[in-house]
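Here's the structure, in structure tokens; my notes come after.
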Amino acid sequence: MYDDCLIYKYKRIGNYCPKHRTTLSDLEVKYIEQDTYFYYIKYIDTQSDDFLTIATTRPETIPGDLAVAVNPDDPKLKHWIGKNVHEPFSKREIPVVGDSAALIDFGTGALKITPSHSAVDFEVGARHNLGQRQIINLDNKLNELAGSLEGFKPIEAREKIIQILKDNGTYIKEEKIKNQLSVCYKCETPIEPLVMNQWFVDVHKKIPNINLSLQELALKTIKDKEIEIVPNRYEKIYFHWIENLQDWNISRQIYWGIPIPIWYCDNPSCPPIVSKTQPAQCPHCGSNKLTQETDVFDTWFSSGQWPYTTLKTTNTFDEFYPTSIMETGNDILFFWVARMIMFSKYMTGTIPFKQVLLHGLVRDEHGQKMSKSKGNTKDPIEIIDTYGADVLRFSLVMGTTLGEDMSFSQDRLKGARNFINKVYNASKFVLYNIQDFDFQKPNLDKKYTIYIEETKELIKHERENLDNLNIPIALENIYKYFWFTFADKIIEDLKNDLQDEKLKPQAQYTLYVILKDLIFILHPFIPFVTEYIYELLSKDNQQLITERF
């Protein structure tokens, strides 16, 4: 990718997590609604007492302001363009620029521009050559450029600067609002936008010999139906994300991960060197003074290469690539699946898999995301010790909607346990009543034939559902048929026939065939109990259920 000019290093604004001390991609930022304030501040004209009113949620970044922007189409404010105002904290002189980023009908119509601490402001700063003034360091404390606020964390500095602005007469008022706070997806620490040197993947540049970009590869693959996303409603979400894809920051400042294989020469005029191991000398100038890049790869950059690297490593690529189904959570459709598609098409020219099956997240009984901090997690080992693995497995599928989140509760476990008990008890009844059965098919009356054919039709239909990945629907149909048709109707109907010597062989055969078919189709959902029952149903007690597939 580096040779194809798809990798570059650039100093730009990024999402910095102060707790983990690393940048994050846009996808690793989540948004939570918060109660906060608009603080209204005066930016006074350097040539008069006239002033612009700025509304900001982050007054602590005022020491980093490099301009004020107004919309050039705003009839009330456009006359300010070209003037200078005093930044209200230190009284630095900063320009007023015209830029469409200042929305006429939002806030006061005037926007303070802090290029080092806002993604929007960074772009405005670049358009107007404002430069940078970074006042927050990587330790999440304000630096010497913040004057008397140096050493304070942003939230602490906010309280301090509000008092300073009140004292110097530039504070007007505050207004309570709700807004979306960007936080780290792992720890929910508020994100600090900072300007840092980072490695990026260019997703828009045309790939040599392909004449498509990585973005276009990802779009075309799904549009051409090379890969099917199940449920297909996620295709629309996929397209929306890919169509708005930005260049991807792949470097992280953390202590674990795959090192970026870039080496730097002590001669600043030499370009970076890409090498798996440290070169003996710089290929450009011959110097042997080389140092490696200290950043590591974003985990999704390496895991995005999983489909082909794992198979090539085990020498099974030709046999198994592409694979059939990629089953994963709907929350990493973009983190992982889209990147596997992009990288696989780029590296191999073909798709990594034929279908993507997405499941939802398991939430608590109130629909809340499970987390250790909330104390609402469930230990699967404890559940298995109490209820059994089959109960847990069944409860995670029954009553769900493919691709949607589910709420997990004790009622689910109890319902699953009751059904499995029903399967076990019905099977015990059949096994007890076929002890003297010779496993030979007798001539069957119409009633028995109807029962058997009805069951086989169910099996056929539910195998089609499974083949089409309609997994929850398949389980629901099997559940209803076993409980309400087989256990409550067929068994009850044939109980009397088992006492009649003439009808007994027909009843035994019917119960045996139907139970064996139902146990077979239930096996993916409750494998342990069904395997045990299936072995008992086999006349030699040796056949495994998997041998029937």
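Since every read-out is calculated from the coordinates, none of them should be taken as a lab result. Every value quoted in this text rests on a predicted model; they were computed, and no experiment measured them. Every residue, glycine as well, gets a Cβ built from its backbone with ideal geometry; the counts of neighbours run over all protein chains shown.
When the C-alpha to C-alpha distance is required to be over 21 Å, the pairs from K11/K276; K76/K178; K456/K489 that qualify are K11/K276; K76/K178.
In sequence order, what are the phi-derived ³J(HN,Hα) couplings for the range 351-366 according to the Karplus relation 6.51 cos²θ - 1.76 cosθ + 1.60 with θ = phi - 60°, rounded to whole Hz, with x for glycine and proline? Working through the residues one at a time gives 6, x, 7, 8, 9, 10, 9, 9, 10, x, 8, 8, 10, 6, 5, 9 Hz.
When the trypsin sites (Lys or Arg not before Pro) in the range 466-505 are filtered for DSSP coil states and for at most 14 other beta-carbon atoms within 10 Å of their beta-carbon, the remaining sites are K495, K502. Placing +1 on the Cβ of every Lys and Arg and -1 on the Cβ of every Asp and Glu, with nothing else charged, gives the range 380-548 a dipole about its Cα centre of roughly 260 debye. Computed from the C-beta positions of M347 and Y264 and an R0 of 41 Å, the FRET efficiency is 0.95 to the nearest 0.05.
Taking the Cα centre of the chain as reference, the dipole from Cβ charges on Lys and Arg (+1) and Asp and Glu (-1) amounts to some 520 debye. Think of the chain as having a plus end and a minus end, set by charges on the Cβ of Lys, Arg, Asp and Glu; of H366, P59, I533, P59 sits farthest toward the positive end of this dipole.
Since only N137, I210, G147 are under comparison, the one whose Cα sits farthest along the positive direction of the charge dipole of the range 135-227, derived from C-beta charges on Lys, Arg, Asp and Glu, is I210. Extension gain for A101-K205 works out to 34.8 nm (0.36 nm per residue, less the C-alpha to C-alpha distance). Phi angles across the range 45-62 convert, under the Karplus curve 6.51 cos²θ - 1.76 cosθ + 1.60 with θ = phi - 60°, into 3J(HN,Hα) values of 4, 6, 10, 7, 8, 5, 8, 9, 9, 10, 10, 9, 8, 10, x, 5, 8, 4 Hz, Gly and Pro given as x. Taking 16 Å as the straight-line reach from the Cα of K225, the lysines in range (excluding those fewer than 8 positions away in the same chain) are K236, K345, K354. Report the gain in length on full extension from E243 to D167: 0.36 nm times residue separation, minus Cα-Cα distance, nm rounded to one decimal. So the chain would gain 22.5 nm between E243 and D167.
Taking label positions 7 Å along the Cα-Cβ direction at both K480 and C187, the computed distance is 5.0 nm, reported to one decimal.
A straight Cα-to-Cα reach below 12 Å connects K42 with the aspartates and glutamates D50, E87, residues fewer than 8 places away in its own chain not being considered.
Computed from the C-beta positions of D50 and R21 and an R0 of 35 Å, the FRET efficiency is 0.20 to the nearest 0.05. Pairs of alpha carbons in the chain separated by more than 44 Å make up 42% of all such pairs.
Rounded to the nearest 0.05, the FRET efficiency derived from the C-beta distance between N468 and T309 at R0 = 30 Å is 0.50.
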